Amino acid sequence: MAAEWVLSVGQLNEYVRRQLAADPMLRSVRIRGEISNFKRHYSGHWYFALKDDQARVACVMFRQSNLGVNFEPKDGMRVVITGNVSLYVRDGAYQVYCDAMRQDGVGELYLRFEELKQKLSGEGLFDPAVKKPLPLLPRRIGVVTSKSGAVLRDIVRVARRRYPLVDILLCPAAVQGEGAAQEIARAIELLNRHGGVDVILCGRGGGSMEDLWAFNEEVVARAIHKSKIPVVSCVGHETDFTIADFVADVRAPTPSAAAELAVPVYEDLKREIDQIRLRLTRAQEGYLSALRKELKLLLSAPSLTRPEKMLIESRKNELERWQKALSAAMEKVFADGRTRFNLKMQALSGLNPNAVLERGYALVSRRGEWIGSASELNREDELTLHMRGGQADVKVLSLRQKEEKQDGSQEKGRS
């Protein structure tokens, strides 16, 4: 029968935590509700619950995140939070780790954002399994952004600093306003067909949700998903998230960070290549040196230099081995004899009465006869105690002899 599979409570909670963390739907999720049981910890962290008329969920907002909140949260206040859903392993309770909070004033854009996010997630566009890895050393980078914004300058500056040999191809597109989403999608398609690029960086600078909305349009999400070339999204600031971020193969917090992700550092590559070359050279030299030593040993072998003496040397070596074996056998016989002799001497030494006295015992005699048992004594007997260092004359005042009792003890006294 197969062994029973048993989980500890900690293992179960850790597994659930990892499952929640791996779900893209639970990353940067927005939740609307009413604040309940709000507590401000002395460390600056906020702990509260968010509830509606159907349910409630525990929330925590750490100090570094709540510093950006420009109002005072209170119980009963309706808010919209953005955060990640995870499990607090110690208590086995799931909670929302909040990154941002605003007072409830959700408009049509937020509803459209959540609806499209749910739809595309259900179709598998956010699945990590379909995301493509970035190339190690791209020869040409495609950039989809406005030709007049700072994003392009930041990408060019960072990419050329890290790897001056890389080519950068701009496929300009409007990143805000009417028709921007269609231009972005068309630019991604053009780079796939005619750009000859190894990776595409798609993004713009920060702004409000309305400013970034082009990257929340379905047409852009499907163009990114359809792209055969890996796409790095770099929309807004680190705290901004768009549908494009979820669909892209890699999400960068800023355009500069996107360039760092896409382009390796030339000096690092050169240093690594030099190290590989050095290791190969050393390995080759070591291998050739070992072959030379082996050849030298073969050429100096007696079978090649003095073949006429091989038989004599062989017999001589065999005789030496027999002599060593005989000497070792004789030494073993002598050693065994010495050991037996020493054991006999130790046994005789243990039977020596003086040795017994040396260990603190005493011998008893009466008029020159040795007494071996208390039953041989009588009251008023005059005895001699023989001890280490001398003798003592004593007189028996009373006697106590031992006998078996029912409980196993022994004792009998007589005066």
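The values are calculated or read from the model by the stated rules, or taken from the named source; none is laboratory data. These figures come from a predicted structure and were not determined experimentally. Please note: Cβ atoms are built from the backbone with ideal geometry, for glycine as well, and neighbour counts cover all protein chains shown.
Assorted remarks:
- Filter result (over 19 Å from E210 (Cβ atoms) and surrounded by 15 or more Cβ atoms within 10 Å (Cβ to Cβ)) within segment 136-159: P138, I141, G142, V143, V144, L152, D154, I155, V156, V158, A159
- Taking (1) closer than 26 Å to L137 by Cβ; (2) in contact with a strand residue (DSSP E or B) (Cβ under 9 Å, 6 or more places away or on another chain) in turn, R157 satisfies each apart from (2).
- Qualifying strands (runs of 3 or more DSSP E) (wholly inside segment 167-283; at least 3 residues being surrounded by fewer than 20 Cβ atoms within 10 Å (Cβ to Cβ) and modelled with pLDDT of 90 or more): 167-170
- Some residue of segment 125-137 being over 27 Å from the mean Cα position of the chain (by Cα), more than 30 Å from V9 (Cβ to Cβ) and modelled with pLDDT under 90: yes
- Criterion (modelled with pLDDT of 80 or more and surrounded by 10 or more Cβ atoms within 10 Å (Cβ to Cβ)) met by exactly one of L298, L399: L399
- Considering segment 266-300, and only residues there that are more than 30 Å from L136 (Cα to Cα) and of a type in the set (S, T, N, Q), the residue that is farthest from the chain's Cα centre (by Cα) turns out to be S300.
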